[in-house]
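This report concerns only the one structure given below.
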Amino acid sequence: MTIANVLISVLVGCSLSYAAELRRFQHAPEADGSLSFLVLGDWGRRGAFNQSQVALQMGIIGEKLDIDFVISTGDNFYDNGLTGIDDPNFEDSFTKIYTAPSLQKQWYNVLGNHDYRGDVEAQLSPVLRELDPKWLCLRSFIVDTEIAELFFVDTTPFVDKYFTHPEEAVYDWSGIFPRNDYLSNLLKDLDSALKESTAKWKIVIGHHTIRSAGNHGETKELVTQLLPILLENNVDLYLNGHDHCLEHISSPDSPLQFVTSGGGSKAWKGEVSRYNPSEMKLYYDGQGFMSVQITESQMDIAFYDISGNVLHKWATSNQLYPTITM
């Protein structure tokens with residue numbers, strides 16, 4: 001599907017107010033029904049902290065895999081989001097960095113906590129899509145690719161400390177209050193959409209961690225409020241950023257996999273906590289990104305460092321629990 005076609009759907013969807021269901025966008029798979037995309041998080045630093053090197057390798061891998069789109073797990077612009085629709089950080093950290101031909105596909109972005117420290121509405125504005133048509137950012141939405149449904153969730157408003165102990169940060173909570181209603185409606189809409197989904201694969205994307213051995217660790221609000229919905233609805237992957245690392249944690253009693261792709265620029269070397277080794281499949285405290293390839297019968301994920309080296313591979317089928325780790 002072309003960016004132009006996706007944008008037509010976006011413009012129609014954006015004319016609707018947030019109501020009874022999440023906005024849904026169609027993104028057709030390849031002719032053979034397969035799907036391939038890259039996942040990146042915590043990146044927007046005007047090319048610094050190896051952001052440009054990560055972008056270079058993304059372009060190479062993206063061409064090799066002939067990707068359909070790119071997912072950002074949030075914290076798109078450091079340190080304090082965008083100041084407005086005319087903030088040069090948008091072009092300096094996005095348009096001028098991800099220049100490879102293979103990356104001129106649709107980017108589906110969620111907001112991170114650092115994005116909420118700026119003008120949130122700027123990142124959601126259609127003006128940015130006019131500046132760079134591959135950009136698409138909404139609070140929460142669904143991308144339907146036929147073979148897989150991807151559910152993007154706005155996780156920052158779940159975290160209590162941003163409201164009770166913001167420290168030096170100033171957050172833009174416009175559109176969030178009353179907070180309890182916002183979160184309740186979001187969870188209800190997500191649960192309903194997951195239950196109605198007939199896709200072969202269900203993938204949920206948010207900025208904050210659910211399971212992690214990194215600096216931030218587990219996000220307790222998501223463990224108590226979001227995780228039960230994912231488990232009840234047989235979600236296959238939860239993709240997040242927030243911890244500046246690459247990470248893969250399995251579930252001991254369900255097919256759900258917790259995958260962190262937060263190595264888009266500045267990484268936190270050496271900041272790792274002990275975790276059950278039978279569940280921890282990968283922890284890499286450097287920069288990088290990951291790929292996801294999906295067919296009707298199999299899903300393959302791979303993690304790459306800033307030199308394009310494969311750090312870890314994992315595959316699963318639609319059968320109950322069979323996995324291949326490399």
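The values are calculated or read from the model by the stated rules, or taken from the named source; none is laboratory data. Keep in mind the model is a prediction, meaning the values are calculated, not measured. Cβ: placed from backbone, ideal geometry, glycine included. Neighbour counts: every protein chain shown. Please note that ligands, DNA and RNA were not included when accessible areas were found on the heavy atoms of the full protein model with its side chains. Shrake-Rupley method; radii C 1.70, N 1.55, O 1.52, S 1.80 Å.
One table, with the values for the structure above:
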| quantity | calculated |
| --- | --- |
| Residues located in segment 228-246, provided they are farther than 15 Å from Tyr283 by Cα and either touching an Asp or Glu at 6+ places or on another chain (Cβ under 9 Å) or open to solvent by 10 Å² or more (accessible area, probe 1.4 Å) (or both) | Pro228, Ile229, Leu231, Glu232, Asn233, Asn234, Asp236 |
| Per-region count, segment 247-266, residues assigned to a loop (DSSP other than H, G, I, E, B), small (Gly, Ala, Ser) and surrounded by fewer than 23 Cβ atoms within 10 Å (Cβ to Cβ) | 2 |
| Count of residues meeting criterion [modelled with pLDDT of 95 or more, more than 16 Å from Val223 (Cβ to Cβ) and of a type outside the set (Ser, Thr, Tyr)] in segment 268-283 | 3 |
| Failed item in (1) open to solvent by less than 30 Å² (accessible area, probe 1.4 Å); (2) more than 25 Å from Ser34 (Cβ to Cβ), with Val204 passing the rest | (2) |
| In segment 74-90, the residues that are open to solvent by 10 Å² or more (accessible area, probe 1.4 Å) and under 20 Å from the mean Cα position of the chain (by Cα) | Tyr78, Asp79, Asn80 |
| Of all residues in segment 25-38 being in a strand (DSSP E or B) and of a type outside the set (Gly, Ala, Ser), the one that is most open to solvent (accessible area, probe 1.4 Å) | Gln26 |
| Pairs with Cβ under 9 Å, 6+ apart, first in segment 274-285 and over 11 Å from Arg211 (Cβ atoms) and part of a loop (DSSP other than H, G, I, E, B), second of a type in the set (Lys, Arg) and open to solvent by 60 Å² or more (accessible area, probe 1.4 Å) | Asp285/Lys269 |
| Selected residue (only one of Ile210, Ile147, Ile176 is without any contact (Cβ under 8 Å) to a residue 24 or more places away in the chain and open to solvent by less than 20 Å² (accessible area, probe 1.4 Å)) | Ile176 |
| Residues of segment 39-68 that turn out to be touching a helix residue (DSSP H, G or I) at 6+ places or on another chain (Cβ under 6 Å) and in a strand (DSSP E or B), as a count | 0 |
